[in-house]
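J.: Have a look at this one before I ask anything.
The values are calculated or read from the model by the stated rules, or taken from the named source; none is laboratory data. Fair warning: this is a prediction, and the values are worked out from it, not measured in the lab. In this analysis, Cβ positions are derived from the backbone assuming ideal geometry, glycine residues included, and neighbour counts consider all displayed protein chains.
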Amino acid sequence: MPTDHEGLRIHWPAGFAPDEADYHFQARITVKAAPEGVFCCLADLNRWPLWVPGVTEAGPTMSGGPLALQESFRVRLFGVGLECLVGEWQPGARLGWSGLGPGLHFYHAWTFEPRQDTTVVVTEQTARGATAVTMRDGHPEWENFLRYGWLDSLKQRAEVR
């Protein structure tokens, strides 16, 4: 089932719609920048270790080039290796990737909603597996990371571009 943010639909992979997952989280932030600029900051995978809290490694695995639709990439987040694949790529509008980690299969989506002089960035993540159940049942720090770590850092980075 798609999630609609001002007409920007997230195309959840089978089994990963919020009502089908073991874990679901959504957060949003308003950024004083154009959607294309915010999208470019997020899509610049090689720079994630410089600004995304907890990311120590990030890079494409297939082409060695920039992030793009159907590009696979690896991320080390808080010491955990994640293998990801871009499934949604609409510059300035939405970006999403599926991923695998220990006891975890997830989908992470972002939408970029233009406003008068700002962009509302919405991020949603759904996950399945034992780690997803643990995240849901007792680890609010993951939600704090998404809400205050990643989103706040994205806002700061995009607003100074």
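J.: Name the residues in the stretch 93-127 that are touching an Asp or Glu at 6+ places or on another chain (Cβ under 7 Å) and among the charged types (D, E, K, R), would you?
T.: Passing the criteria: 94, 113.
J.: May I ask you to say which residue of 131, 118 is over 13 Å from the mean Cα position of the chain (by Cα), among the β-branched types (Val, Ile, Thr) and under 21 Å from residue 35 (Cβ atoms)?
T.: Values: 131 fails: under 21 Å from residue 35 (Cβ atoms).
Result: 118 is the single residue among 131, 118 that is over 13 Å from the mean Cα position of the chain (by Cα), among the β-branched types (Val, Ile, Thr) and under 21 Å from residue 35 (Cβ atoms).
For (1) at pLDDT 90 or above; (2) out of contact with any Lys or Arg (no Cβ under 8 Å at 6 or more places or on another chain), each residue gets a yes or a no:
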| position | (1), (2) |
| --- | --- |
| 80 | yes, yes |
| 108 | yes, yes |
| 122 | yes, no |
| 137 | no, yes |
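J.: Would you check which residues across the stretch 121-148 are within 19 Å of residue 48 (Cβ to Cβ) and touching a Gly at 6+ places or on another chain (Cβ under 7 Å) and list them?
T.: Scanning the stretch 121-148 gives a single hit, 145.
J.: Filter the stretch 96-115 down to the residues that are more than 16 Å from residue 158 (Cα to Cα) and among the hydrophobic types (A, V, I, L, M, F, W, C), then identify the one that is nearest to the chain's Cα centre (by Cα). Reasoning before the result, please.
T.: Of all residues in the stretch 96-115, those more than 16 Å from residue 158 (Cα to Cα) come to 96-109.
Restricting the remaining residues to those that are among the hydrophobic types (A, V, I, L, M, F, W, C) gives 97, 100, 104, 106, 109.
Working: 97: 7, 100: 14, 104: 15, 106: 10, 109: 5 Å.
Going through the qualifying residues, I end up with 109.
J.: Something else now. Residues being β-branched (Val, Ile, Thr) and either assigned to a strand (DSSP E or B) or surrounded by fewer than 20 Cβ atoms within 10 Å (Cβ to Cβ) (or both): count how many of those fall in the stretch 37-56.
T.: Looking only at the stretch 37-56, we keep the residues that are β-branched (Val, Ile, Thr), and these are 38, 52, 55-56.
Filter once more, keeping what is either assigned to a strand (DSSP E or B) or surrounded by fewer than 20 Cβ atoms within 10 Å (Cβ to Cβ) (or both): 55-56.
Here the count works out to 2.
J.: Just wondering, is there one or more residues in the stretch 21-36 that are in a helix (DSSP H, G or I), over 24 Å from residue 137 (Cβ atoms) and out of contact with any Leu (no Cβ under 8 Å at 6 or more places or on another chain)?
T.: Checked against the condition, which is being in a helix (DSSP H, G or I), over 24 Å from residue 137 (Cβ atoms) and out of contact with any Leu (no Cβ under 8 Å at 6 or more places or on another chain), the stretch 21-36 yields at least one hit.
J.: Next up: When the residues of the stretch 57-77 are filtered to those that are touching a helix residue (DSSP H, G or I) at 6+ places or on another chain (Cβ under 8 Å) and surrounded by fewer than 19 Cβ atoms within 10 Å (Cβ to Cβ), which remaining residue is modelled with the lowest pLDDT? Reasoning before the result, please.
T.: Quick first cut of the stretch 57-77, residues touching a helix residue (DSSP H, G or I) at 6+ places or on another chain (Cβ under 8 Å) only: 57-60, 66-67, 73, 75.
In the following step, the residues that additionally are surrounded by fewer than 19 Cβ atoms within 10 Å (Cβ to Cβ) were identified as 57, 59-60, 66.
On the way: 57: 94, 59: 88, 60: 82, 66: 74.
Within the stretch 57-77, the match that is modelled with the lowest pLDDT is 66.
J.: Can residue 27 be described as within 26 Å of residue 128 (Cβ to Cβ), surrounded by fewer than 18 Cβ atoms within 10 Å (Cβ to Cβ), in contact (Cβ under 8 Å) with a residue 24 or more places away in the chain and among the aliphatic types (A, V, I, L, M)? Explain how you work it out, then say what you get.
T.: Numbers: within 26 Å of residue 128 (Cβ to Cβ): yes; surrounded by fewer than 18 Cβ atoms within 10 Å (Cβ to Cβ): yes; in contact (Cβ under 8 Å) with a residue 24 or more places away in the chain: yes; among the aliphatic types (A, V, I, L, M): yes.
Answer is yes for this residue.
Okay, residues lined up against (1) in contact with a Gly (Cβ under 9 Å, 6 or more places away or on another chain); (2) among the hydroxyl-bearing types (Ser, Thr, Tyr):
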{"position": "66", "(1), (2)": "no, no"}
{"position": "74", "(1), (2)": "yes, no"}
{"position": "87", "(1), (2)": "yes, no"}
{"position": "92", "(1), (2)": "yes, no"}
{"position": "96", "(1), (2)": "yes, no"}
{"position": "119", "(1), (2)": "yes, yes"}
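J.: Take the residues in the stretch 116-138 that are of a type in the set (Gly, Ala, Ser) and surrounded by 17 or more Cβ atoms within 10 Å (Cβ to Cβ), then tell me which one is farthest from residue 152 (Cα to Cα).
T.: Filtering the stretch 116-138 down to residues of a type in the set (Gly, Ala, Ser) leaves 127, 129-130, 132, 138.
Subsequent filtering for residues that are surrounded by 17 or more Cβ atoms within 10 Å (Cβ to Cβ) retains 127, 129, 132.
Details: 127: 22, 129: 28, 132: 23 Å.
Only one residue tops the list, namely 129.
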